[in-house]
Amino acid sequence: MLILRIGGHSEIELPLQRNEVKQMLLILKPILMTAWKSRAFKELIIAMLERIVTRTDNDLDDLAVKHLKDLLLPDTRVEK
């Protein structure tokens, strides 16, 4: 069973079997891997990670997200 949490409060239960979830991931993976190259997608991932780490009380995950942000979204652009 796949459970989606929306806004951290309400949950939606989808009666999907394990093989159906695998099939969904097989379809989504190429799309996500293509979108990963865009800056907007990277900003989305960083924003989600920043939101997740606000719920923890340690600083290690904050540093990890900051490091990822610096690597994925550098302030200056380096030409190849």
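Applying the criterion of being without any contact (Cβ under 8 Å) to a residue 12 or more places away in the chain and outside any helix (DSSP H, G or I) to the residues of segment 65-75, the residue that is nearest to the chain's Cα centre (by Cα) is Pro74.
Matching residues to (1) loosely packed, with under 12 Cβ neighbours inside 10 Å; (2) in contact with a helix residue (DSSP H, G or I) (Cβ under 6 Å, 6 or more places away or on another chain); (3) touching a residue at least 40 places away in the same chain (Cβ under 8 Å):
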{"residue": "Val21", "(1), (2), (3)": "no, no, no"}
{"residue": "Leu25", "(1), (2), (3)": "yes, no, no"}
{"residue": "Phe41", "(1), (2), (3)": "no, yes, no"}
{"residue": "Thr56", "(1), (2), (3)": "yes, no, no"}
{"residue": "Leu63", "(1), (2), (3)": "yes, no, no"}
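Every number in this text was worked out from the coordinates using simple rules, so none of it is lab data. Please read these numbers as outputs of a predicted model, since none were measured by experiment. Neighbour counts run over all protein chains shown; Cβ positions are idealised from the backbone, glycine included.
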